[in-house]
Structures are given as structure tokens and as C-alpha cells.
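The next block holds one structure in the form of C-alpha cells; read it before the comments.
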Amino acid sequence: MTVISSVKQSIATLKSIEAQLSELALLSQEEAAQRTFHDMMLVMEEIQKDLHDRQVEMELEEPQYKNS
């Protein structure tokens, strides 16, 4: 597996985790739990954004990663 493939797979995994945290926040009865799940969802979103930025950077700098 190439580095770019690993980055893309990580982004997909983070999206899944983010969706699960969102669902848990909605299903949670306790306000503190809802807030925690929501906060962790935002953290996953930020990490996902950082990885996506890195993916774009890799594609621009490394010709072998374009359109992979």
C-alpha cells in the first residue's frame, strides 16, 4: 500500500468515526455525554481536514501520487 493510499484510507476511517460520534451524540441522554461526543466529532473533523490538506500537498509535490 502506498503512502497516499494509507492517507486516503485514514481519511475514510475518520469520516466513519465522525459519523459514529455524531450518532452517539444524538442518541445520548446525558448532556455531558452529548457534549463530549460532539467535541470529539469536531476533533475528528479537524484531523480529517489536516490529512486532506496533506493529501493535496502530496499530490502536488509527488507526480506519482496524482490521480491515484
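Only one of the numbered conditions (1) of a type in the set (Ser, Thr, Tyr); (2) at pLDDT below 95; (3) part of a helix (DSSP H, G or I) is not met by Ser68, and that is (3).
Restricting attention to region 40-49, which residues are open to solvent by 70 Å² or more (accessible area, probe 1.4 Å) and either of a type in the set (Asp, Glu) or more than 24 Å from Glu62 (Cα to Cα) (or both)? Selection gives Met40, Leu42, Glu45, Glu46.
Going by the structure shown, is Met1 at pLDDT below 95 and either in a helix (DSSP H, G or I) or open to solvent by 70 Å² or more (accessible area, probe 1.4 Å) (or both)? The answer is yes for Met1. For region 4-30, the tally of residues that are open to solvent by 50 Å² or more (accessible area, probe 1.4 Å), in contact (Cβ under 8 Å) with a residue 12 or more places away in the chain, more than 8 Å from the chain's Cα centre (by Cα) and farther than 19 Å from Leu60 by Cβ stands at 1. Within region 50-64, being closer than 15 Å to Gln9 by Cβ, open to solvent by less than 80 Å² (accessible area, probe 1.4 Å) and at pLDDT 95 or above holds for one residue alone: Leu51.
Of everything in region 31-54 that is more than 17 Å from the chain's Cα centre (by Cα) and among the hydrophobic types (A, V, I, L, M, F, W, C), the residue that is nearest to Gln64 (Cα to Cα) is Ala33.
The values are calculated or read from the model by the stated rules, or taken from the named source; none is laboratory data. It should be emphasised that the depicted structure is a prediction, and the values quoted were computed from it without experimental measurement. Methodologically, a virtual Cβ is constructed for each residue, glycine included, from the backbone with ideal geometry; neighbour enumeration extends over all protein chains shown. Only protein heavy atoms, including side chains, enter the accessible area calculation; ligands, DNA and RNA are left aside. Shrake-Rupley method; radii C 1.70, N 1.55, O 1.52, S 1.80 Å.
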